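Here's the structure we're looking at; comments come further down.
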Amino acid sequence: MLYFLIKKWVKATSWLFCKQIRVINQQVLIKKGPILVVANHPNSFLDAILIGLFFTENVHFLARGDAFRQKKHRFLLKLLKMIPIYRLSEGKENLHLNEYAFTESCRILENGGIVLIFIEGICINSHTLQPFKKGAARIALRAKTQEPLQIIPISITYNSFSTYGKNILISAGKAIKVSNLFPFNDEAKNFLHFNNELKMQLNNLIQYSSEKTNHPNIPQKALAIIGHLLHKPLYDLISNTIRIKTRGTVFYDSVLFGVLMLVYPIYLLLLAGLIFWISASLPITIVIILLHPILARMAILYKH
């Protein structure tokens, strides 16, 4: 129930953060598990949040372990069903914790669940695929599922990694039976075949989300300007702070989305209190507060 509510909250936030999210082959995303989703990884944990948003069933994600260092981050990421996995660059002392990630992923798959893994094992703000790691193949080979395990390749692309009002394209490939990816008796050959096949699939899926041109009329343009001016102080404060905090990392876009998701409802509640205190009118307060997200959406659709 909590995951369902968070998913609805994320969907509402994406409506205010993204101009358009288009999904190709969306019928694949209504499948039931066991499914191992293999995806590219251009934009930190925002990739996992947005891909999971369009699956009918709950999705568990493997996410880089350093994102779990702070207690408040760890709490939020676990609510989003994320599982920490560590790279060598995050310290040899953490590598033993990866056994938990593999074991937990197999447990979820064996219980008919869905697990998403970013096969590159690294996030770079680029749509060029990086060398694949063995984690996805290892999980697929270890999982002993009652129903045949399916592998679904998914690509996600952005027209920007640093601004709101972005266009995003999620492209899902056909489900592949795991037996088709491990045709050899040799583990090393199977891992290589698995990665080569998935690399070909993902390369074919990656498409660049084109900018949708809107031609607003005068009232739409006016409403967009009002929405922009109303939200500019809050947005600038949050985005500038996060840009400083995340400088030199790939976390800016994801953290901005997460903070706006948490802060904007609180901002509206405080604003409602202030408006009601000034006007002493509940109808006026409700109308003004309801107009805020509508005007924010107009600003996103008709950015100037």
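The values are calculated or read from the model by the stated rules, or taken from the named source; none is laboratory data. The model shown is predicted, which means the values in this text are computed figures rather than measured ones. So basically every Cβ, Gly included, is an ideal-geometry build from the backbone, and we count neighbours across all protein chains shown. Heavy atoms of the whole protein, side chains included, go into the accessibility calculation; ligands, DNA and RNA do not. Shrake-Rupley method; radii C 1.70, N 1.55, O 1.52, S 1.80 Å.
Overview of results
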read-out: Lone qualifier among GLY112, GLY91, GLY121 - being at pLDDT below 90 and over 16 Å from the mean Cα position of the chain (by Cα); value: GLY91
read-out: Conditions (1) buried (at least 17 other Cβ atoms within 10 Å of the Cβ); (2) out of contact with any strand residue (DSSP E or B) (no Cβ under 7 Å at 6 or more places or on another chain); number of the one not met by SER155; value: (2)
read-out: Long-range neighbours under 6 Å by Cβ, at least six apart or interchain, first residue without any contact (Cβ under 8 Å) to a residue 12 or more places away in the chain and closer than 14 Å to ILE119 by Cα within the stretch 34-59, second crowded, with 24+ Cβ neighbours inside 10 Å and among the hydrophobic types (A, V, I, L, M, F, W, C); value: none
read-out: Counted residues, the stretch 215-231 - those being out of contact with any helix residue (DSSP H, G or I) (no Cβ under 8 Å at 6 or more places or on another chain), in contact (Cβ under 8 Å) with a residue 24 or more places away in the chain and not in a helix (DSSP H, G or I); value: 0
read-out: Filter pass, ARG243 being charged (D, E, K, R), without any contact (Cβ under 8 Å) to a residue 12 or more places away in the chain and either open to solvent by less than 80 Å² (accessible area, probe 1.4 Å) or in a helix (DSSP H, G or I) (or both); value: yes
read-out: Qualifying residue in the stretch 271-283 (condition: in contact with a His (Cβ under 9 Å, 6 or more places away or on another chain) and part of a helix (DSSP H, G or I)); value: yes
read-out: Qualifying position, being closer than 25 Å to ILE6 by Cα and either open to solvent by less than 40 Å² (accessible area, probe 1.4 Å) or touching a residue at least 12 places away in the same chain (Cβ under 8 Å) (or both), among TYR235, TYR302; value: TYR235
read-out: Every pair of residues 6+ apart whose Cβ atoms lie under 8 Å, when the first sits in the stretch 1-27 and is small (Gly, Ala, Ser) while the second is not in a helix (DSSP H, G or I); value: SER14/ILE21
read-out: Residue count for the stretch 260-296, restricted to those that are surrounded by fewer than 11 Cβ atoms within 10 Å (Cβ to Cβ) and small (Gly, Ala, Ser); value: 1
read-out: Filter result (in a loop (DSSP other than H, G, I, E, B) and among the polar types (S, T, N, Q)) within the stretch 1-49; value: ASN25, ASN40, ASN43
read-out: Top-ranked residue of the stretch 129-157 - restricted to ones that are outside any loop (DSSP other than H, G, I, E, B) and touching an Asp or Glu at 6+ places or on another chain (Cβ under 8 Å), ranked as nearest to THR13 (Cα to Cα); value: ILE156
read-out: Complete set of residues in the stretch 104-133 that are open to solvent by 70 Å² or more (accessible area, probe 1.4 Å) and either among the polar types (S, T, N, Q) or within 14 Å of LEU36 (Cα to Cα) (or both); value: ARG107, GLU110, ASN111, THR128
read-out: The stretch 168-205: number of residues that are among the hydroxyl-bearing types (Ser, Thr, Tyr) and either part of a helix (DSSP H, G or I) or open to solvent by 10 Å² or more (accessible area, probe 1.4 Å) (or both); value: 1
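Conditions tested, residue by residue: (1) within 18 Å of ASN40 (Cα to Cα); (2) of a type in the set (Val, Ile, Thr); (3) touching a strand residue (DSSP E or B) at 6+ places or on another chain (Cβ under 8 Å).
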position	(1), (2), (3)
ASN167	yes, no, yes
GLY173	yes, no, yes
LEU181	no, no, yes
GLU187	no, no, no
LEU198	yes, no, yes
ASN204	yes, no, no
